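Read the structure below first, then the notes.
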Amino acid sequence: MAKISDDELQKVKQNREKVLEISQQLSELVLQQTLLEEQLKSVKQLFIDSVNKEQLYLQNLNETYGEGLLDINTGEIKTT
């Protein structure tokens, strides 16, 4: 039966350890990516909800005060 040298065996073992280390890093990154994707999805939904709420509120203001431009600093509505 043939046998590889100790040096060759050591190189194979070192490479195997490197492959396992990289595999573990990859797994951790994929899990982090999954969590980030879920966070991104959640924040996007919060953004959409906030924009929709703002549009509805501005629509209600338009119905109450008439269409115009709202000065967000003073609260004045400049009608056209």
(message) Give the aspartates and glutamates whose C-alpha is closer than 17 Å to that of Lys44, dropping any in the same chain fewer than 8 places away, or say none.
(response) Glu54
(message) Using only the alpha-carbon atoms, how far is helix 6-65 inclined from the longest principal axis of the chain? Give it as 0 to 90 degrees, nearest 10.
(response) 10
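Calculate the dipole size of the chain relative to its Cα centre from +1 charges on Lys and Arg beta carbons and -1 charges on Asp and Glu beta carbons; express the result in debye to the nearest 20.
Working: 9 positive and 14 negative charges, 89 e Å.
About 420 debye.
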(message) Could you tell me the calculated FRET efficiency between Lys18 and Glu54, based on Cβ-Cβ distance and R0 = 41 angstrom, to the nearest 0.05?
(response) 0.20
(request) Compare the Cα positions of Thr34, Asn73, Ala2 along the charge dipole of the chain (+1 at Cβ of Lys, Arg; -1 at Cβ of Asp, Glu; about the Cα centre) and return the one farthest towards the positive end. (result) Ala2
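All of the numbers you see were taken from the coordinates with simple rules; none came from a lab. Predicted model, so just to flag it, every value in this text is computed and none were measured. Using ideal geometry, Cβ is built from the backbone for each residue, glycine included, and neighbour counts are taken over all protein chains shown.
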